[in-house]
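The values are calculated or read from the model by the stated rules, or taken from the named source; none is laboratory data. Because the structure is predicted, anything quoted here is derived from the model rather than measured. Don't worry about glycine lacking a Cβ; one is built from the backbone with ideal geometry, like all the others, and counts go over all protein chains shown.
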Amino acid sequence: MPGASPDGRRKSSLLSRGGGIARRTLFWVLTLAIAIASWRWMLGGVAAQMEQVLYHEQLRPIVLYTHIILAPLSLLLVPFQLWQGLRKTRPLVHRVVGRTYGVAILFSSITGLWLAVTTEAGLFAAWGFGMLAVAWFVTTAMGISLAMRGDYAGHRRWIIRSVAMTLAAVTLRLYIIPTEVMDFSTPETYQAIAWLCWVPNMIVAELYLRWPKIRRSFQPSH
């Protein structure tokens, strides 16, 4: 900052670094906590823990279990996949994590589309979750194919888009929990959430990729 004193620049740098640490910590906590919480059905079964999808278990158990096992796994791997230190110091581990992430999304997006098509939540919700599943598959497939061709810059851009789709699991809960707490959970709000959980994520990802100033604000200061 031109004209700023050394103390002022130091304070600004510390605030920036502190903000970056806070954002990364929140990111790790939310992704890991929601991923682990998504496996809560293991404690007492789908009927006890996820009653809202019990009809899927009765009609298409393989599809449901594939999705609710692998979708949280992909979310669990997101912070490790984006961890720059891991990518630079342990590239083999980064590749293994990336391939596991890709396989988890391959199956969970296909099963997610199947569940969306057969949902009883309404046509608007079916389209919302169905389009999410398609976007999730396409962005991840593009990221993987570019990495296989050696285009690592393009790979990173598409994986950021893929991560934005994966984080729909986080934003979904951020919408659902307040509506339930405020007793505002209705079929109409759920259908809206089917779109709101991922479309804003996609927009933010594109802004991040296209606007250098926004991208720099998320990067740690040196």
Among the numbered conditions (1) among the β-branched types (Val, Ile, Thr); (2) modelled with pLDDT of 95 or more; (3) in contact with a Leu (Cβ under 8 Å, 6 or more places away or on another chain), tell me where Val199 comes up short.
(3)
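Going by what's in this entry, would Ile160 be described as part of a helix (DSSP H, G or I), touching a helix residue (DSSP H, G or I) at 6+ places or on another chain (Cβ under 7 Å), among the β-branched types (Val, Ile, Thr) and more than 18 Å from Met131 (Cβ to Cβ)? Spell out the reasoning first.
Values: part of a helix (DSSP H, G or I): yes; touching a helix residue (DSSP H, G or I) at 6+ places or on another chain (Cβ under 7 Å): yes; among the β-branched types (Val, Ile, Thr): yes; more than 18 Å from Met131 (Cβ to Cβ): yes.
For Ile160, the condition - part of a helix (DSSP H, G or I), touching a helix residue (DSSP H, G or I) at 6+ places or on another chain (Cβ under 7 Å), among the β-branched types (Val, Ile, Thr) and more than 18 Å from Met131 (Cβ to Cβ) - is met.
Name every residue in region 71-86 that is without any contact (Cβ under 8 Å) to a residue 40 or more places away in the chain and under 21 Å from Leu115 (Cα atoms), in order of residue number.
Answer for region 71-86, where residues must be without any contact (Cβ under 8 Å) to a residue 40 or more places away in the chain and under 21 Å from Leu115 (Cα atoms): just Leu73.
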Among the residues of region 160-195, which ones are surrounded by 17 or more Cβ atoms within 10 Å (Cβ to Cβ), within 20 Å of Gly122 (Cα to Cα) and of a type in the set (A, V, I, L, M)?
Ala168, Ala169, Leu172, Ile193, Ala194
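Would you point out which residue out of Ala135, Ala104 is at pLDDT 95 or above, crowded, with 18+ Cβ neighbours inside 10 Å and within 24 Å of Gln191 (Cα to Cα)?
Ala135
Residue-by-condition table, conditions (1) within 30 Å of Ile110 (Cα to Cα); (2) modelled with pLDDT under 90; (3) surrounded by 17 or more Cβ atoms within 10 Å (Cβ to Cβ); (4) polar (S, T, N, Q):
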residue	(1), (2), (3), (4)
Ser5	no, yes, no, yes
Ser12	no, yes, no, yes
Ile36	yes, no, no, no
Arg40	yes, no, no, no
Ala47	yes, yes, no, no
Met50	yes, yes, yes, no
Arg60	yes, no, no, no
His67	yes, no, yes, no
Trp83	yes, no, yes, no
Pick from Phe124, Phe137: which is under 17 Å from Ala71 (Cβ atoms) and either small (Gly, Ala, Ser) or touching a residue at least 24 places away in the same chain (Cβ under 8 Å) (or both)?
Phe137
Conditions (1) surrounded by fewer than 15 Cβ atoms within 10 Å (Cβ to Cβ); (2) more than 21 Å from Ser38 (Cα to Cα); (3) modelled with pLDDT of 85 or more -> Pro212 fails only (3)
Cβ-Cβ under 9 Å pairs, at least 6 apart or on other chains, region 177-198 side within 21 Å of Ser38 (Cα to Cα) and among the β-branched types (Val, Ile, Thr), far side at pLDDT below 90 and assigned to a loop (DSSP other than H, G, I, E, B)
Thr179/Ser185; Thr179/Thr186
Please give the helices (runs of 4 or more DSSP H) falling wholly within region 40-140 in which 2 or more residues are within 14 Å of the chain's Cα centre (by Cα).
61-82, 91-117
Exactly one of Gly150, Gly143 is of a type in the set (Gly, Ala, Ser) and crowded, with 21+ Cβ neighbours inside 10 Å, and that one is Gly143
Considering only region 111-120, state which residues are of a type in the set (A, V, I, L, M) and either surrounded by fewer than 18 Cβ atoms within 10 Å (Cβ to Cβ) or free of Cβ contacts under 8 Å to residues at least 12 places away in the same chain (or both).
Val117
Looking at region 69-81, which of the residues that are more than 17 Å from Thr139 (Cα to Cα), in contact with a Phe, Trp or Tyr (Cβ under 8 Å, 6 or more places away or on another chain) and of a type outside the set (A, V, I, L, M) is surrounded by the fewest Cβ atoms within 10 Å (Cβ to Cβ)?
Pro79
